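Here the structure is laid out as structure tokens; the discussion comes afterwards.
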Amino acid sequence: MTQNSETSYKKSNKATSSPWLAFSVAALAIMSSALDRGASNVILPNIAEEFVSDIPTAQWINTTYLLMVAALLLPMGRLTDILGSKKVIVSGLIVFLFGGIASALSPSIEILLSGRVLQGIGGAMVQGTAFIIAISAFGERQRGKAVGLVLIFVGLGNVAGPTVGGLVTTYAGWRSVFIVTSLVSAAGALLAFLALDSHRTNQISNSKFDWYGATLCVSTLSSLLAGIAMTAHFGWSLIPLSVIALSLVSGGLFVWRGLVTDSPILDLQLFRRPIFGLSILSNLICFVGMSSALFLLPFYLKYVQGYPPDKVGSVFIPAAACMAIVSPLSGRLSDRFGTRIFTVGGSLLVTIGLIILSTLDESSNGLLPYIAMIPISAGMGAFYGPNNSAILAVTPTSNQSAVIGFINLIRNSGSLIAIPIAATIVTLVMSSMGFEANLSAVNYGSETELISSFIKGMRISFAIFTSATLIGMILSLCPTPKIIP
């Protein structure tokens, strides 16, 4: 890219003359998505009751949303590279708004699922674009600070979501939850429309969007993640394995397309840069490790220790607060001192937390879950911003939106991958000890041998994820990269 085109690209993605006003757009946009994700988990039993549906069916309300977001993050990131941040984020927030209204007014669970599809499309447009707006506002030299600040609002949304969902549902019904999140997205769309600069006169705006590659990308990711999600209902049987096999074929075609086209959805040549590939892999490993804790620990707290729902939630509040504090600090400091110390240190903290969780049993001290989650969340807060900075430092500016979409894809995929792996490990151990291979068979007050089989499976699972995060820490030892224009 020439110096002139590089300069015009930066101008085209510059959000506004006020970096904090631009950041407010990014914060409000990402908050609407995170708030919805946290709140929607709380209302699933109410939805299932109203539509006379079982919980596994109702869970597809959230699974559908996550699948749409994950499948579309990469194409939407590339679209942002071509069209600019303002058009994509305003459109995404409006689509999210209409999806929320459709969900709130849905007369059947099928219409509700359609509304969640719309929200997933809007969420994919918002998530990656919010990060690029924040980074563009503060400049490349403060990239870690920008990512860290955005993560505060990701954490706030995740923590406030269940609380908002519970309170609104109690006093106004579950449909009002979608109205509330729609109002937040409407405010974000209005602020983005008024505050962001829409000027765009760079060479990349003349690039063609690779619709064939985008189709293959969506097909690959949706079938892969759907296949993994299906294992929760069908086990590792023919149906999910066939869907996963289809994703591998589609993935092969996507790689081929990316290598032969002039304007790929994701520049696969970036993986030839060791820092890029190793940082992406360590990102995935750390998110899988953290997601395993978020999935398995509530089962232990509820069915082994007998905690009520509010006490289960309280275990994660101090951890979320630590993440919100550490994220901007590590981001700002990594801009000054380099990324390696924070990515390695963050991975080490996650590993320590998982080691503590791997020691839990029936007689463990009630403070141990609190103590374990604090280093896990603080470690992820220390890791994520600097890890993003390392990846983006070796990414040409003209591809940064697509790569940020890819990073967010990794983040969203972590939980979708961790849940079936963790569940499979635990249920295999339960089955080997003569019990039904089903987590729903575990309840507070169940026979001692059944609880013991669950705990053994959980500890083995945490031990395996601990080993994985150690590998992620080793991968993070790559030196701090120099910025590539």
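Each reported figure results from applying straightforward, stated rules to the coordinates on display, with no laboratory input. Just so it is clear, the model here is predicted, and its values are computed rather than measured. Cβ: placed from backbone, ideal geometry, glycine included. Neighbour counts: every protein chain shown.
Annotations for the structure displayed:
- Label selected from (i) 57; (ii) 38; (iii) 49, the criterion being percent of Cα pairs over 32 Å apart as computed here: (ii)
- Couplings for the stretch 297-305, taken from phi via the Karplus curve 6.51 cos²θ - 1.76 cosθ + 1.60 with θ = phi - 60°, read 4, x, 4, 4, 5, 7, 9, 9, 8 Hz in order; Gly and Pro are left as x.
- For the chain, the dipole from Cβ point charges (+1 on Lys and Arg, -1 on Asp and Glu) about the Cα centre works out to 1600 debye, to the nearest 20.
- Ranked by the mean number of other Cβ atoms within 10 Å per residue, highest first, peptides 69-76, 173-180, 261-268, 346-353 order as 69-76, 346-353, 173-180, 261-268.
- Proxy reagent accessibility, fewest Cβ within 10 Å first, across V25, V52, V147, V243: V52, V243, V147, V25
- Neighbour-limited loop hits for trypsin sites (Lys or Arg not before Pro), the stretch 297-357 (at most 11 other Cβ within 10 Å; DSSP other than H, G, I, E, B): none
- Label positions at E49 and I460, each projected 7 Å from the Cα along the C-beta direction, are separated by 3.8 nm.
- Segment L246-A187, extension gain: residue separation times 0.36 nm, minus the distance between their alpha carbons: 17.2 nm
- Value of [θ]222 nm, deg cm²/dmol, for the chain, DSSP H segments ≥ 4, -39500 (n - 2.57) each, nearest 500: -27000 deg cm²/dmol
- Compared with the dominant principal axis of the Cα atoms in the chain, helix 3-13 is inclined by about 50°.
- Under the criterion of Cα pairs below 8 Å and six or more residues apart, the relative contact order for the stretch 210-262 equals 45 percent.
- J(HN,Hα) series, the stretch 400-413, from Karplus relation 6.51 cos²θ - 1.76 cosθ + 1.60, nearest Hz, glycine and proline x: 5, 5, 5, 5, 4, x, 5, 4, 5, 4, 4, 4, 5, 6
- Percentage relative contact order, the chain, counting C-alpha pairs under 8 Å, at least six apart: 22 percent
- Mean separation of Cα contacts under 8 Å, 6 or more apart, over the residue count of the stretch 12-195: relative contact order %: 41 percent
- For the pair the stretch 274-320 / the stretch 34-66, the C-alpha centres are spaced 20 Å from each other.
- Sequence of V312, V426 once ranked by neighbouring C-beta atoms within 10 Å, starting from the fewest: V312, V426
- Protection proxy ranking of 363-371, 108-116, by the mean of other Cβ atoms within 10 Å over each peptide's residues and highest first, is 108-116, 363-371.
- Each of S413, S103, S431 has some number of other Cβ atoms within 10 Å of its Cβ, and from fewest to most they run S431, S413, S103.
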